[in-house]
Amino acid sequence: MLSKRRIQYIRSLDLKKNRKAEGVFLAEGPKLMEELTGHFPCKFIVATRQWLDAHRHNLPCDDISEVSEEELACASLLKTPQQVLAVFRQPEDGGFPMRLPSRQLCLALDGVQDPGNLGTIVRLADWFGIEHIFCSPDTADIYNPKAVQATMGGIARVRLHYTDLPSLIKLSDGTPVYGTLLDGDDMYTQSLSETGLIVMGNEGKGISDEVRELVGHRLYIPNYPAGRETSESLNVAIATAIVCAEFRRQAAWRRH
C-alpha cells in the first residue's frame, strides 16, 4: 500500500519550488528508468509487480514500493501510468566554469518557456552529440516532469547550465555565435563551423535584444518554395533540429 503522504510527495514534484527544495525530480516509465539508472542517484521507486519481477536483479535503490495499477495511477502525473515511477536526485552543477567548452558545438536557449520544447531540444542535442546547453534563467526548468519525459533519457548525457547568456557570450570572446533570426541569411548558403554556440530564442519573441546584439552569424531557415505564403515561424524544437542537422551535415562533408 502506498501511503497518502508519499502520493502527496510525488505529486508535489510537479511544482518547481518543491523540486528545488528537495533537490529531486520525477521520472516515469520503463524507458526513462533504463536510461537514467546509473546517471542519477535514486531516492525511491514505485512500481507494479510486473515491472519489479523483470528488474529485481538491477534495481538502483533499496526504497521500493510495490503497487497496483490503480495505486500507481493515484501517484502518477501521466494520464496513462507506465508501470514504474522513480524520484531521482538532481545533480549539482559542480562549479562548472561559465565559459563555453572549447572545440565543441553547444546550444544556448534564450527564454524557451515550454517544458515539452525544452525536453525535445535536449533529446535532439543528445542525438546530434551536443553535450552542453546553456539556458537563460527564464528558460523552463529541465526537471519539470514534462521536460524530463520529453528528453527520452537525453538528460542523462546532456548537461544544462542556467546562466546569464550575455555574460557567458562576452566571456567567450572569439567563439562563433550563431542565432536563428527572421532577418538572417539563408542557412544553406553559409559556411557553418564545427564548434561554437547556436542560440535559439523564445517561442513567441525569439532571441532577446541583449543577446541578439552579440550574435555574430545570423541564420534564417528558408521556407520552400521561396516567396510562398506560409506560417510566420517554426516551432523552436523543430527549428533546432533543422539547424543542428545542417551543422553536422557540413562537418561530415568537410571530413570526407
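The values are calculated or read from the model by the stated rules, or taken from the named source; none is laboratory data. This one's a predicted model, so the numbers in the text were calculated from it and none came from an experiment. Glycine also receives a Cβ, built like all others from the backbone with ideal geometry; neighbour counts cover every protein chain displayed. Note: areas computed on protein heavy atoms with side chains; ligands, DNA, RNA excluded. Shrake-Rupley method; radii C 1.70, N 1.55, O 1.52, S 1.80 Å.
So for segment 210-232 (the condition being closer than 17 Å to THR139 by Cα, assigned to a loop (DSSP other than H, G, I, E, B) and open to solvent by less than 80 Å² (accessible area, probe 1.4 Å)), does at least one residue qualify?
no
Please verify whether LEU2 is outside any loop (DSSP other than H, G, I, E, B) and in contact with a Ser or Thr (Cβ under 9 Å, 6 or more places away or on another chain), treating the condition exactly as stated. Spelling it out, it is not the case that LEU2 is outside any loop (DSSP other than H, G, I, E, B) and in contact with a Ser or Thr (Cβ under 9 Å, 6 or more places away or on another chain). A residue that is in a loop (DSSP other than H, G, I, E, B) and surrounded by fewer than 17 Cβ atoms within 10 Å (Cβ to Cβ) occurs nowhere in segment 236-247. Of all residues in segment 56-80, those satisfying the criterion of being part of a helix (DSSP H, G or I) and under 25 Å from LYS146 (Cβ atoms) are GLU69, GLU70, GLU71, LEU72, ALA73, CYS74, ALA75.
Counting only strands (runs of 3 or more DSSP E) that fall entirely inside segment 81-198 and contain at least 3 residues that are over 30 Å from ASN223 (Cα atoms), the qualifying elements are 84-89, 159-162. Only one entry in GLY201, GLY196 is touching a residue at least 40 places away in the same chain (Cβ under 8 Å), open to solvent by less than 50 Å² (accessible area, probe 1.4 Å) and farther than 20 Å from GLN104 by Cβ, namely GLY201.
The number of residues in segment 1-54 being open to solvent by 30 Å² or more (accessible area, probe 1.4 Å) and in contact with a Phe, Trp or Tyr (Cβ under 6 Å, 6 or more places away or on another chain) comes to 0.
Selection over segment 5-33 of residues that are free of Cβ contacts under 8 Å to residues at least 24 places away in the same chain and assigned to a loop (DSSP other than H, G, I, E, B) gives a count of 1.
Checking each residue in segment 1-51 for being of a type in the set (D, E, K, R) and closer than 16 Å to PRO91 by Cβ picks out ARG19, LYS20, GLU22, GLU35, LYS43. Contact annotation: residue pairs with Cβ atoms under 8 Å, 6 or more positions apart or on different chains, pairing a residue in segment 204-224 that is over 20 Å from ILE242 (Cβ atoms) with a partner that is open to solvent by 50 Å² or more (accessible area, probe 1.4 Å), are LEU214/LYS170.
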